[in-house]
Amino acid sequence: MKPIPQTSSLDSTLALFREGYAFISNHCDELGTDIFQSRLMLRSVVCMRGEEAARLFYGADDVTRVGSMPWTVLRLLQDKDSVQQLDGAAHLRRKAMFIDVTMDDAAVASLVERFRQHWLVHFDRRAGACDLRDAANLILTKASADWIGIAPRWRHDDVKLARQLGRMIDRTGRPGPAAWFALASRRRIERWLATIVAAVRDGSLEVPQGCALKQIGLDYRDADGERLSPQVAAVELLNLLRPIAAISRWIVFLALALARNPQWPERFGHGHDDEIEAFVEEVRRLYPFFPFVGARLTRRHVWQGYSLREGSWLLLDLYGTTHDPRLFASPMNFSAERKLSWRERDFRFIPHGGGRPESSHRCPGEKITVEILKETVKLLCGFLPLRIAPVNAEVPLSAIPASPVPSVRITSRSSA
């Protein structure tokens, strides 16, 4: 067995905060390898990148997501008892429910149409410039709540809900009070969703057939024929609301890519809808979203001649893999001509993970993300054209999650 290369520092936590998305790739390049061992928060960790590493994370039977995230990150992004914290048959059973909810053609089309309608109403009523991420976050929050089956009369304040959902994402990589406030928001939303689930079950709240609230809160049964508890159902409903609202970050990067590549808005303004998906997918490849994903080994595993012990904590470099020049020529350049697609289900283009979502931990919400971004292109370039600024905004990789600085603002050209 080959020895796993190690970083020279005793602990790399400060380096991670300083380098952000580039941390794993920087050390891999320095050591001339796709794997190295280090310490983060005084815990031993094996960091990996590349196609074969992704195949291990999303294709091997001896990896688990349980115990692979700091508890604040887990609570903000997934929470206990969520689908990502299950393994084996229990994971596949609940994952199948999410596949039904998020990948059905009619369901996705229904969500996209709600998004479109809320976007048109929002910008039709607005004059002057606004922060694009804030606007998109609110629009997506309203659309996803409607789509899930939470009627407006059960929502006290959509603006406040959108802010709370955004806070969970914004503060994931920030330990301390910032994360604690976000956790408090998550607990409040989970309690609210649990009361909605209880109302569905006692018949005081009627919901449309086929909506996610009915499927998760009422129809789903585990292997023992039991429903999810109201608390766990609330966790899983929030794990729809929050990720859909988080698409607002992709929307900002999408707008930035359109502004920086003006030949594409020109083409989309004159049709060429068949090229929109390739543009969207290149945005997802190039711009930073998830930096890495964690896992633990349930038994000893030999990978590329390296012996990984049982219980090893692993981090897969998602950002570094999608920017690997061995996999993508000129990876820092925007090129929609790559014609990438989430449908390939390979282990190279992995902004949402690799492999098949129905049989691994790959995120099942990828189809929703792509379809909403495709609709956003049409809205930004279509009959209600909007001006995007500043084109020269920077995207620092040191902050997780990343956002353009200064923030991207959007203005109706008719009012500009």
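The values are calculated or read from the model by the stated rules, or taken from the named source; none is laboratory data. Just so you know, these numbers come straight off a predicted model, no measurement behind them. All Cβ positions, even for glycine, are placed from backbone atoms using ideal geometry, and neighbour counts span all protein chains on display. These area figures cover heavy atoms from the full protein model, side chains too; ligands, DNA and RNA do not enter into them. Shrake-Rupley method; radii C 1.70, N 1.55, O 1.52, S 1.80 Å.
For segment 196-238, the residues whose backbone nitrogen is under 13 Å from a point 7 Å from the Cα of ARG93, taken along Cα to Cβ, are 220-229.
Find how much the distance from SER229 to GLU358 grows on full extension, using 0.36 nm per residue of separation minus their present alpha carbon separation; answer in nm with one decimal.
On the way: separation 129, 0.36 × 129 = 46.44 nm, distance 2.34 nm.
Extending this stretch completely gives an extra 44.1 nm.
At full extension, GLU206 and LYS80 could sit 42.6 nm farther apart than now, given 0.36 nm per residue minus the alpha carbon distance.
Working ranking of peptides 307-314, 165-172 by packing, defined as the average number of other Cβ atoms within 10 Å per residue, highest first, is 165-172, 307-314.
Across all Cα pairs in segment 131-216, the calculated P(r) in 10 Å bins from zero up to the longest distance comes to 16, 43, 31, 9, 0 percent per bin.
If you bin all the Cα-Cα distances of segment 8-138 at 5 Å, starting from zero, the percentages per bin are 2, 7, 11, 13, 14, 13, 13, 12, 9, 5, 2, 0.
Using only Cα atoms, figure out Rg for segment 103-145 and give it as a multiple of 2.2 N^0.38 Å.
Values: Rg = 11.5 Å, N = 43, 2.2 N^0.38 = 9.2 Å.
Relative to the 2.2 N^0.38 Å estimate, segment 103-145 comes out at 1.25.
Dimensions of segment 47-109 along the principal axes, based on C-alpha atoms and rounded to the nearest Å, stand at 39, 29, 23, largest first.
Sorting 211-220, 236-245, 77-86, 155-164 by their mean Cβ neighbour count within 10 Å, with the most densely packed peptide first, gives 236-245, 211-220, 77-86, 155-164.
Computed packing ranks the peptides 250-263, 186-199 as 250-263, 186-199, most packed first, by mean other Cβ atoms within 10 Å.
Using just the helices of the chain, give the 222 nm mean residue ellipticity in deg cm²/dmol: DSSP H runs with n ≥ 4 each add -39,500 (n - 2.57), and the total is spread over all residues, rounded to 500.
Numbers: 14 runs with 193 residues, N = 416.
Taking each H run of at least 4 residues, the total per residue is -15000 deg cm²/dmol.
Relative contact order, whole percent, for segment 313-384 stands at 20, derived from Cα pairs under 8 Å and 6 or more residues apart.
With the simple model of a label 7 Å out from the Cα in the direction of the Cβ, GLU52 to THR298 spans 2.4 nm.
One quarter of the convex hull surface built on the alpha carbon atoms of the chain amounts to 19.9 nm², the projected area averaged over directions. All Cα-Cα separations within segment 299-360 were binned at 10 Å from zero, giving a P(r) of 18, 39, 32, 11, 1, each value a whole percent of the pairs. Subtracting the Cα-Cα distance of GLU113 and ASN392 from 0.36 nm times their residue separation leaves 97.3 nm of extension gain. Values of log10 I(q)/I(0) for segment 258-396 across q = 0.18, 0.19 Å⁻¹ run -1.12, -1.21, by the Debye formula with one identical scatterer at each alpha carbon and no solvent.
Using alpha-carbon pairs under 8 Å, 6+ residues apart, how would you state the relative contact order of the chain in percent?
On the way: 670 pairs, mean separation 105.7, N = 416.
25 percent.
Residues in the chain average 43 Å² of solvent-accessible surface per residue, probe 1.4 Å, ligands and nucleic acids excluded.
For the chain, with all protein chains present and a 1.4 Å probe, just round the carbon and sulfur fraction of the accessible area to a whole percent. Present the calculation step by step, with values, prior to reporting the outcome.
Numbers: 9380 of 17980 Å².
Carbon and sulfur together cover 52 percent of it.
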